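In what follows, a single structure is set out as structure tokens and then discussed.
Just so it is clear, none of the values below were taken in a lab; they were calculated from the coordinates. What you are looking at is a predicted structure, and each value in this text was computed from that prediction instead of being measured. Every residue, glycine as well, gets a Cβ built from its backbone with ideal geometry; the counts of neighbours run over all protein chains shown.
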Amino acid sequence: MGERVGLYPGTFDPITNGHLDIVERAAAHLVDRLIIAVAINASKSPVFTFNERIAMVQEQTAPLAEKYGIKIEARGVQGLLVETAVECGASMLIRGLRAVSDFDYEFQMASMNRKLEDQVETVFLMASENYLFVASSLVKEICQLGGDIEQFVPAEVASAMRGKFSQK
Ligand code: ADP
């Protein structure tokens, strides 16, 4: 079997400990190379710019690449995800599943992506119980309200977030 390449797509606005847990588990058990695909034109009107999101992803995943001896690279993605996957030689799309509420959307996307490109398989990792409730959107809300976010995101990300919200 050749090199197993996974593509982990998302908005990463910003990267959280929940995302990093998925990256770590994929690196430990599933792939030889992981490409983290950061949405360029995210429909979610991100708080962080594309360049900020990609820089944080790169910085925070570098230690995991080292730890597991695999390549982890971040790149921008726009357009059809499966096309990017094929271009990168990725055979799997990696997604995290938190609650049942994630399921409908993820099931539809995975089914559609398989119709579009049957050489790319979507692989779901269940969120670890410690991160089940961690979502970028919720962490941003907590930060904006002055709450403690250190346990949900890496320290550098927490301080970048506080910077964003104190500018406003
Ligand atoms: P998107 O806009 O594509 O949902 P996100 O950045 O919100 O992008 O999430 C990217 C992926 O990471 C999704 O598959 C999401 O379910 C997963 N994810 C986000 N937070 C967690 C978490 N706490 N635990 C496990 N998976 C997560």
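Report, by residue number, each residue of segment 1-40 that is touching a helix residue (DSSP H, G or I) at 6+ places or on another chain (Cβ under 9 Å), over 17 Å from Ala85 (Cβ atoms) and more than 12 Å from the ligand (Cβ to nearest atom).
Across segment 1-40, the qualifying residues are Ala27, Ala28.
What number goes with the only condition from (1) within 14 Å of the ligand (Cβ to nearest atom); (2) of a type outside the set (D, E, K, R); (3) not in a loop (DSSP other than H, G, I, E, B) that Met161 does not pass?
(1)
Which of (1) outside any loop (DSSP other than H, G, I, E, B); (2) crowded, with 18+ Cβ neighbours inside 10 Å does Phe48 not meet, given it meets every other one?
So the condition that Phe48 fails would be (1).
Just give me the residues in segment 19-43 being part of a helix (DSSP H, G or I) and either buried (at least 22 other Cβ atoms within 10 Å of the Cβ) or among the aliphatic types (A, V, I, L, M) (or both), in sequence order.
His19, Leu20, Ile22, Val23, Ala26, Ala27, Ala28
Take the conditions surrounded by fewer than 16 Cβ atoms within 10 Å (Cβ to Cβ) and within 14 Å of the ligand (Cβ to nearest atom) and apply them to Phe152. Does it pass?
Taking the combined requirement at face value, the residue does not satisfy it.
If the requirement is being assigned to a loop (DSSP other than H, G, I, E, B) and aromatic (Phe, Trp, Tyr), which of these qualifies: Phe107, Phe152?
Just one listed residue meets the conditions, Phe152.
Could you please tell me which pairs satisfy a Cβ distance under 6 Å, a separation of 6+ or placement on different chains, a first residue in segment 89-117 that is free of Cβ contacts under 8 Å to residues at least 40 places away in the same chain and farther than 21 Å from Val31 by Cβ, and a second residue that is more than 12 Å from the ligand (Cβ to nearest atom) and of a type outside the set (Lys, Arg)?
What qualifies is Leu116/Val82.
List the residue pairs whose Cβ atoms are under 8 Å apart, where the first residue sits in segment 119-136 and is more than 10 Å from the ligand (Cβ to nearest atom), the second is among the charged types (D, E, K, R), and the two are 6 or more positions apart or on different chains.
As it stands, the answer is Val120/Arg114; Glu121/Arg114; Val123/Arg95, since those pairs meet every condition given.
Of (1) away from the ligand (no atom under 13 Å from the Cβ); (2) exposed (fewer than 13 other Cβ atoms within 10 Å of the Cβ); (3) among the small types (Gly, Ala, Ser); (4) not in a loop (DSSP other than H, G, I, E, B), Gly79 satisfies all except one. Which?
(4)
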